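Quick notes on the structure that follows.
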Amino acid sequence: MLRRAPYEKLNPSFWRRHRHDRLVERWARAVGAERVTVVVVDDRDRDGLLRTFETGLPRNLLRPFPDTANRSLTLAETEMLRNLNVEFRGNGLPDELYSKLVRNGAVMHMKNACSPTPQDVKIATPRWAVEAAAEIGAGMSERIAALGVRVLGDPALLSAVPKQSESGHALFDEARISPKVAARALYGALAAAASVPARPDRVRTVHQTSSKELVRVLGHRCLQRLRRR
């Protein structure tokens, strides 16, 4: 995404979603700059975003929802998935099967059922990529400021270069996926193939259910109500 900008081969919508200056510009053009508020999120303050949207409301009215499905993959999990992708694509299997077995099966169940430990190696972004992203962030910050919209938070965070204590390459050989995590991923794929819930003993929340499935459930309930009339 950074070396061949605008890189649109695998993810055409990436820069449309992540060039925040252009996103803000589109909103300002549609509704007027005076009606647009930009909130700069500080990752160090986990509750900061909730507190920002509580303006005028009782404090702590909004509470974070623990959603393991939104966690990042560890280096070992990512490397396992990368190798699986190579095998999957190399054998010419259809994208629909990948979405069902891997994206919505193995990966989703692994993220829901397993929590990383302090011993798990995290992914470290290469220094050159961090600096390139910070440079893009600086440009976005300047453009957003020039648009005349309301800004909450510190725009300098968009161009901040985080400190990295260790190199991802140095820890690569230490990344090992546990048998339990591998089993969870495999079970998720098998459950998806059999079209049964990955964890029948657990009720999934709306946050952990795909939009496609939510629409299907909503449609089914609407039909049931119509038949009762």
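Solvent exposure of region 12-91, expressed per residue, is 73 Å² of accessible area, with all protein chains present and a 1.4 angstrom probe. Residues in region 105-115 carry Karplus couplings, in order, of x, 4, 5, 5, 5, 4, 5, 6, 9, 10, 10 Hz; the curve used is 6.51 cos²θ - 1.76 cosθ + 1.60 with θ = phi - 60°, and Gly or Pro positions show x. Around the amide H of residue 39, modelled in the peptide plane, lie the amide H atoms of 152, all under 5 Å away and 5 or more residues distant in sequence or on another chain.
Ordered from largest to smallest accessible area (heavy atoms of protein chains, 1.4 Å probe), the residues 177, 144 come out as 177, 144. If R₀ is 41 angstrom, what is the calculated FRET efficiency for the pair residue 150 and residue 115, using the beta carbon separation as r and rounding to 0.05? Calculated value: 0.60. Taking all protein chains together, 218, 2 sort by accessible area into 218, 2, largest first [probe 1.4 Å].
List residues of region 106-150, by number, whose backbone nitrogen lies under 11 Å from a label position 7 Å along Cα→C-beta of residue 3. It comes to 129, nothing else. If you find the alpha carbon centre of region 80-138 and of region 25-40, how far apart are they in angstrom? Comparing the Cα centres of region 80-138 and region 25-40, I get a distance of 33 Å. When the solvent-accessible area of region 41-101 is split by element, carbon and sulfur atoms take up 55 percent of it, the probe being 1.4 Å.
When only alpha carbons of region 38-109 are considered, Rg and Dmax amount to 18.8, 56 Å. For region 28-103, chymotrypsin sites (Phe, Trp or Tyr not before Pro) are listed when DSSP marks them as loop and at most 10 other Cβ atoms sit within 10 Å of their Cβ; the list is empty.
With a 1.4 Å probe and all protein chains kept in place, how do 71, 46, 63 rank by accessible area, largest first?
Final ranking, largest accessible area leading: 46, 63, 71.
Only protein heavy atoms count here; under a 1.4 Å probe, residue 120 has an accessible surface of about 50 Å².
The values are calculated or read from the model by the stated rules, or taken from the named source; none is laboratory data. Nothing here was measured: the structure is a model prediction, and the numbers come from that model. A quick note on method: Cβ atoms are made from the backbone with ideal geometry, for glycine too, and the neighbour counts reach across all protein chains shown. These accessible areas exclude ligands, DNA and RNA; they are computed on the full protein's heavy atoms, side chains included. Shrake-Rupley method; radii C 1.70, N 1.55, O 1.52, S 1.80 Å.
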